[in-house]
Amino acid sequence: MKRRFSSLLLVVMMVVMTVTGCGKSDGGASAVEKDPQKQGKVLNIYCWNTEFQDRFEYFKKSGKLPSDVKVNFVITPNENNAYQNALDAALLKQKDAADDDKIDMFLIEADYALKYVDSDHTLDVINDVGLSKDDIKDQYKYTQEIVTNDKGVIKGVTWQATPGLFAYRRSIAKDVLGTDDPVKVQEALATWDKFDSVAAQASAKGYKMLSGYDDSYRVFSNNVSAPWVGADNKIKIDPNIMKWVDQTKTYTEKGYNNKSALWDTTWAADQGPKGKVFGFFYSTWGINFTLLGNALETPVKEGGKEEVGNGIYGDYAVCKGPQSYYWGGTWICAAAGTDNANLVKDIMYTMTCDSATMTKITEDTQDYTNTVSGMNKLANSDFKSAFLGGQNHIKLFAESASKISMKNMSAYDQGLNEEFQKAMKDYFDGNVTKDKALENFYKAATEKYPNLTH
């Protein structure tokens with residue numbers, strides 16, 4: 001689950017933003033089109049943080065936002081299913097809601113995408129919204145697979161792809177391995193056995209290989225052999241996830257990690273100037289949002305550009321790591337019952353089908369966007385990240401993105417991932433046995449999802 005802004009993790013808030021465009025909607029055709037001249041006056045967008053609100057600025061610049069439409073972002077934090085609960089409650093009222101109160105668009109993540117794409121709450125982006133197959137042909141295939149329902153219907157689109165890499169400190173790599181070159185560091189970390197060996201070398205030098213318990217979780221959970229839940233509604237813990245448990249327990253006992261948890265203050269500080277951690281597993285958004293923010297702390301701005309400030313800017317680099325994986329991603333769904341179908345179509349097209357817009361987003365923010373041709377072009381250019389010491393990380397992301405497979409996802413991934421990590425923390429801390437931790441996981445999982453067994 002992505003977390004970009006810590007304040008959003010603490011409170012439920014509603015952000016109302018009135019935005020004005022330069023022109024009128026082009027009124028493109030769609031299967032749910034009403035009178036082309038009829039347009040709702042309020043566009044309601046449900047999401048869990050301000051990321052899409054920031055990206056929405058690129059749509060405003062397209063000139064397709066009608067001048068008399070107010071855009072209302074309704075934001076609820078994601079953890080403990082709070083966002084899904086709020087969204088579900090609103091969707092249940094959708095049919096009887098006044099036009100200006102109806103949900104027009106809502107955002108979803110991969111961990112629970114199937115819950116919504118297999119429902120009647122989302123519209124078919126081809127036959128209902130009106131995008132064409134040609135419009136979406138340049139998107140990464142896996143980004144469409146995530147939001148394709150059991151009848152083969154695509155129910156959402158995204159402007160980003162989220163392959164993962166291993167971000168490491170150049171200065172620490174030099175001290176431990178004698179080099180910070182991404183190719184040579186990758187050779188040293190190419191398998192989990194090699195990764196464990198480097199962890200021992202780092203420890204001997206006074207460093208931690210990882211910050212905490214959850215850092216490598218997504219690499220293991222993305223490389224499982226079967227979904228969390230099968231057709232029989234039984235929870236199955238894949239052997240690869242148990243490898244994460246065993247590795248993390250070993251790292252904890254040997255002092256190879258700092259016993260932190262994702263998003264906590266220790267974990268964030270470990271990424272900053274005083275950190276002594278070799279590296280962090282991050283996907284695209286994590287590097288240009290979370291890692292950059294934690295590493296800089298108080299960036300210095302000179303000439304309108306972020307500069308070194310504290311000496312750590314430029315001290316990170318990325319490599320593939322032991323296995324390919326992905327983490328996160330945000331999809332746009334059109335809500336059934338929207339009175340802004342044409343506007344939703346315009347937003348989806350501009351944000352997820354227009355290569356020029358998406359390439360511009362990457363150039364401006366270093367977010368990895370959902371245009372195969374655009375990303376390949378940047379991968380083979382002189383594009384560089386100053387934060388990553390001048391490395392063209394887009395090239396590595398492009399290589400990893402093509403390897404992403406969604407065949408083992410389920411509708412329960414967010415809740416089961418969260419409960420499993422939570423239960424295992426007690427085991428890592430030495431408070432319970434492994435068997436007791438597993439028992440606690442099953443209990444919490446079936447309480448959250450009463451329809452499941454184990």
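Summing charges over all other residues whose Cβ lies under 13 Å from the Cβ of ILE103, with Lys and Arg as +1 and Asp and Glu as -1, gives -4.
Over the residues of the stretch 141-286, compute the C-alpha Rg and express it relative to 2.2 N^0.38 Å. Display every interim value, and only then the final one.
Details: Rg = 17.6 Å, N = 146, 2.2 N^0.38 = 14.6 Å.
Relative to the rule-of-thumb radius for its length, the stretch 141-286 sits at 1.21.
Across the cross-link table entries LYS133/LYS360; LYS236/LYS434; LYS102/LYS448, which are compared at the Cα atoms, the separations over 20 Å belong to LYS133/LYS360; LYS102/LYS448. Here the contact order of the stretch 335-454, divided by its residue count and restricted to Cα pairs under 8 Å and six or more residues apart, works out to 12 percent.
What do you get for Rg/Rh over the stretch 320-411 if you use C-alpha atoms and the Kirkwood form of Rh?
Ratio of gyration radius to Kirkwood radius for the stretch 320-411: 1.03.
Each part gets one Cα centre, and for the stretch 306-365 versus the stretch 64-80 those centres are 17 Å apart. Rounded to whole Å, the principal axis extents of the Cα atoms in the chain read 70, 57, 37, largest first. For the residue pairs LYS141/LYS259; LYS208/LYS320; LYS184/LYS422; LYS70/LYS151, alpha carbon separations beyond 26 Å are given by LYS141/LYS259; LYS184/LYS422; LYS70/LYS151. With R₀ set to 45 Å, the beta-carbon distance separating THR453 from LYS61 gives a calculated FRET efficiency near 0.35.
Using a 1.4 Å probe on the protein chains only, how many percent of the accessible area of the chain belongs to carbon and sulfur?
Summing carbon and sulfur atoms, their accessible area is 50 percent of the total for the chain.
Per-residue ellipticity at 222 nm for the chain, helices alone: DSSP H runs ≥ 4 residues times -39500 (n - 2.57), over residue total, nearest 500 deg cm²/dmol? Could you put the intermediate results ahead of the total?
Numbers: 17 runs with 161 residues, N = 454.
Calculated at 222 nm, the ellipticity per residue is -10000 deg cm²/dmol.
Note on the stretch 178-241: Cα-Cα pairs beyond 20 Å make up 44% of the total pair count. Take the Cα radius of gyration of the stretch 117-225 and divide it by 2.2 N^0.38 Å, N being the number of residues; the result is 1.58. How would the stretch 44-109 be classified by its alpha-carbon gyration tensor: rounded, prolate or oblate, with rounded meaning a/c under 1.5 and the a/b versus b/c comparison settling the rest? Note, shape of the stretch 44-109 comes out oblate.
If you take the Cα centroid of the stretch 206-224 and the Cα centroid of the stretch 380-454, the two points sit 9 Å apart.
Think of the stretch 249-408 as having a plus end and a minus end, set by charges on the Cβ of Lys, Arg, Asp and Glu; of GLY293, LEU396, ALA379, LEU396 sits farthest toward the positive end of this dipole.
Please work out the FRET efficiency for the pair LYS434 and LYS41, using the Cβ-Cβ distance as r and a Förster radius of 45 Å; give the result to the nearest 0.05.
0.20
The values are calculated or read from the model by the stated rules, or taken from the named source; none is laboratory data. All of these numbers come straight from a predicted model, not from anything done at the bench. Reconstructed Cβ throughout: ideal geometry from the backbone, glycine too, with neighbour counts over all protein chains shown. Surface accessibility is based on the protein's heavy atoms, side chains included, excluding ligands, DNA and RNA. Shrake-Rupley method; radii C 1.70, N 1.55, O 1.52, S 1.80 Å.
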